[in-house]
């Protein structure tokens, strides 16, 4: 079984949930293109691809016309992924470690629905820093905590508060999602905080190196468009 099968348990094939997931990720792809503006020659890194092959997973690989320019990273062996997307290069990685690529090896790096599963605030900072290290432009997306239905459990509204989410997960037998090691519910403020920490770190490193490698950051809404209640958030660096 693919290591990320658990993330798709609440999304049955052909269901309304799957249709909404596909619509959200198609919008994420459109915003990725608009924000990153990749050219046909750009090398793209996609961190956290899925070995679950369906119409909602791996939206970049499904949609991007220059598949051979994508290097994809995942935690598993990638057997299903490589069969579905043979033109992509696949690299198996370990969680919460330095990415196995040189500085600025890519023009663009992206990661969808991965940051919330990093396991700790420190691991989240490491992931964002690594994406910024290996690529000149970065586009990260996560589920928005304030979307009315929690993405991983399909529980409505209770996830707005930690206490009610914990109770709802206990009642429904989904308590694993209250463990920070499995899920950190993401907000716009949390992304802004991560961006500020990464920018501060980059500025310090640039000062030491007497060069300027820092990037400007932007945080916004993507996915199903509902204003502050939109299904997803993005953090973009340029």
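Some observations on this one:
- Length-normalised contact order for the stretch 85-134 - Cα pairs under 8 Å, 6+ apart - percent: 46
- Shape of the stretch 11-138, Cα gyration tensor, a/c cut at 1.5: rounded
- Order by protection proxy (mean Cβ within 10 Å, highest first), peptides 99-109, 124-134: 124-134, 99-109
- Spacing of the two label points (7 Å from each Cα toward its C-beta) at residue 200 and residue 216, in nm: 2.2
- On a per residue basis, the convex hull of the C-alpha atoms belonging to the chain measures out at 119 Å³.
- Contour excess over end-to-end distance, with Cα ends at residue 157 and residue 122 and 0.36 nm allotted per residue: 9.8 nm
- Measuring between their Cα centroids, the stretch 131-192 and the stretch 27-56 lie 21 Å from each other.
- When the helices of the chain are scored as -39500 (n - 2.57) per DSSP H run of n ≥ 4 and the total is divided over every residue, the value at 222 nm lands at -10500 deg cm²/dmol.
- Cα gyration tensor shape for the stretch 64-163, rounded if a/c is under 1.5, else prolate or oblate: prolate
- Relative contact order (%) - criterion: Cα under 8 Å, at least six apart; region: the stretch 87-238: 25
- The stretch 80-139 shape via C-alpha gyration tensor axes, a/c threshold 1.5: oblate
- Against the empirical curve 2.2 N^0.38 Å, the C-alpha radius of gyration of the stretch 122-238 lands at a ratio of 1.22.
- Taking the stretch 1-139 and dividing mean pair separation by its residue count, relative contact order in percent (alpha carbons under 8 Å, at least six apart): 24
Values in this text are rule-based calculations from the coordinates and carry no lab data. These numbers come from a predicted model, not from an experiment. Counting neighbours? That spans all protein chains shown, and the Cβs are built from the backbone with ideal geometry, glycine included.
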